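Here the structure is laid out as structure tokens; the discussion comes afterwards.
The values are calculated or read from the model by the stated rules, or taken from the named source; none is laboratory data. Source: prediction; values computed, not measured. Using ideal geometry, Cβ is built from the backbone for each residue, glycine included, and neighbour counts are taken over all protein chains shown. Please note that ligands, DNA and RNA were not included when accessible areas were found on the heavy atoms of the full protein model with its side chains. Shrake-Rupley method; radii C 1.70, N 1.55, O 1.52, S 1.80 Å.
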Amino acid sequence: MRVRIGVSNRHVHLKKEDFIKLFGNDNLEVDKELYQPGQFASKCKVTVKTAKNEIKNVRVLGPFRDYTQIEISRTDAYTLGLNPPVRTSGDLDGSEVVTLVGPCGELITNGCIIADRHIHISEEDVKKYNLNDTLMVEIGSTKKSILYGVHLKISPGSKMEMHIDTDDANGNLVKTGDEGEIK
């Protein structure tokens, strides 16, 4: 069975109160709708800073969350001098601490992770396709790999799409909109 791939670049999810600290208002303005219903890339960007280095122009995604989370790749982690855990969204145990810099302030926060590979899917599609909680997915054409441990992220209204980070995508010459094969 084929699954659409979405390549996830570094980004930040913010609690409303943290957004206000960084931007001085609560206007999380939409720049571009994302594939998942209700999700969007905002016009807002922050700098992610550590004692070693910083990465500027990191996109804030919306809508607001109940937690602040910074998602980076392993390559970004080397740049920042970090060793963040691979985690599912919202699991911030043992996550790295970074400083977020916005136009109106700074915020020192934990929540820096490398997001695990996952497939957004609805409960209806899980039943329809009789899928297990964890899958193997083959990606790439010229440079193929099988990604193990791809978990399902089940939520109402989700469109079926696998999210991988830029390291996985670049290593397999994959871009957003390509497809993988669930094994």
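Approximating the spin labels as points 7 Å out from Cα along Cα→Cβ, the I146-to-V97 distance works out to 4.2 nm.
Charges at C-beta only: +1 for Lys and Arg, -1 for Asp and Glu. How large is the resulting dipole of region 1-65 about its Cα centre, in Debye rounded to 20? Display every interim value, and only then the final one.
Details: 14 positive and 7 negative charges, 65 e Å.
The dipole magnitude comes to about 320 debye.
Counting only DSSP beta bridges whose two residues both lie in region 1-76, roughly 75 percent are antiparallel. Can you find, among V7, L28, S42, the residue farthest towards the positive end of the dipole of region 1-55? Put +1 on the C-beta of Lys and Arg, -1 on that of Asp and Glu. Result: V7, furthest along the dipole toward the positive end.
The residues of the chain expose on average 51 square angstrom of accessible surface per residue, using a 1.4 Å probe on protein heavy atoms.
Across the accessible surface of the chain, with the other protein chains kept in place and a 1.4 Å probe, carbon and sulfur atoms take up 46 percent. A simple spin-label model places pseudo-atoms 7 Å from Cα toward Cβ; at K128 and N57 they are separated by 3.8 nm. Radius of gyration (Cα atoms) of region 94-183, expressed as a multiple of 2.2 N^0.38 Å: 1.34.
Express as a percent, rounded to the nearest 5, the fraction of DSSP beta bridges in region 109-158 (both residues included) that run antiparallel. Beta bridges within region 109-158, antiparallel portion: roughly 55 percent. Counting only lysines at least 8 places from K45 when in the same chain, those with an alpha carbon closer than 28 Å to its own are K15, K16, K21, K32, K56, K153, K159, K175. Simple rule: put +1 on each Lys or Arg Cβ and -1 on each Asp or Glu Cβ in the chain, find the dipole, and look at N132, A51, V97; the Cα lying farthest toward the positive end is A51.
The fraction of all Cα pairs in region 1-130 landing in successive 5 Å bins from 0 to the largest distance is 2, 10, 20, 23, 19, 14, 7, 4, 2, 0, given as whole percents. Taking every DSSP bridge with both residues inside the chain, close to 70 percent are antiparallel. If you take the Cα centroid of region 123-183 and the Cα centroid of region 1-74, the two points sit 21 Å apart.
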